[in-house]
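All remarks here apply to the structure that follows.
No lab work stands behind these numbers, since they all come straight from the coordinates. Nothing here was measured: the structure is a model prediction, and the numbers come from that model. Here the Cβ is made from the backbone with ideal geometry for all residues, glycine too, and neighbour counts use every protein chain on show.
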Amino acid sequence: PPNGYLRPAGSPVTVIAHRGASSAAPENTLVSQEVARRAGADWIENDVQPSRDGVPFVLHDGTVDRTTEGTGPIRNLTAAQLKALDAGSWFAPQYAGQRLPTLAEQLADLRTRGGNLLLEIKGAHSRDEVATIVEVIRAEQMTSRVFIQSFEIDALRHSYALAPELPIGLLRGSLDADPVALAKELHLTAYNPAAGALLGKPGIVTDLHAAGVAVMAWTVNSAAQWQQLERIGTDGIITDRPAELAGWNAAL
Ligand code: G3P
Ligand code: CA
């Protein structure tokens, strides 16, 4: 059966801003989200992980070392300690003072200013940790504007069990032998492979579409690959360059 995330032939691909507009502003911050929104991104992609005291924060790496002045695993730091860090200066001085957003803050920003979220549950999460993420999404009244994705099959199973109304996508670096069977088993709304892997076996897009499963490819920054992915029917493209992809799309 078709689902609402399948792209009708001839229509633009869904523009998904990887960690926000991460080529133009510090990734996974509210400013990168704002830049992506202004660029015309359909969705923002980001990554969520819990603080030591169980608050879901928006951060890609397992540690705060690369994108803040702090050190150590996010799971060793409390929400208060994470909030004290500067998450913008590493990218450029003009972004000094950007903070690591909590998931709740990010969702509130999307709710009031607009935008949808492709939320990656990053790394292994317990059922209770996924339950907290679901609670935050529900409390922010954003269930209809969030799409969950993860490389972690267990996290997707927890999400589906706790909140079957949230669409889920499986991230893969290489293709499964039978993506359709896996999609059915896991109740996937989308199958989200690395672009290079997908382009090596483009027929799986047709197979997944026939089963009602959408396909979103990551992380693609060249127009040559956007064109190849569009031609094989890919529904959404995750990119660090949402303004350029939106412009390319509009010119189709
Ligand atoms: O959205 C897919 C992509 O974000 C997966 O890789 O490492 O950037 O989270 P990563
Ligand atoms: Ca990600």
Grab the Cα-Cα distance for Leu175 and Gln81, subtract it from 0.36 nm times how many residues apart they are, and report the gain in nm with one decimal. 29.9 nm
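For the chain, count all C-alpha to C-alpha pairs, find those more than 34 Å apart, and express that count as a whole percent of the total. Could the numbers behind the result be given before it?
Numbers: 3998 of 31626 pairs.
Cα-Cα pairs in the chain separated by more than 34 Å: 13 percent.
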Per-residue [θ]222 nm for the chain (sum of -39500 (n - 2.57) over DSSP H runs n ≥ 4, rounded to 500): -10000 deg cm²/dmol
Taking every DSSP beta bridge that has both residues in the chain, what percent is antiparallel when rounded to the nearest 5? 15 percent
Rounded to the nearest 20 Debye, what is the dipole magnitude of region 88-149 about its Cα centre when Lys and Arg each give +1 and Asp and Glu each give -1 at the C-beta? 160 debye
Förster radius 30 Å - calculated FRET efficiency between Ala251 and Thr143 (Cβ-Cβ, nearest 0.05): 0.30
Whole Å is fine, so just give me how far the alpha carbon centre of region 176-232 lies from that of region 132-149. 24 Å
Which lysines have a Cα lying under 26 Å from the Cα of Lys184, excluding residues fewer than 8 positions away in the same chain? Lys122, Lys201
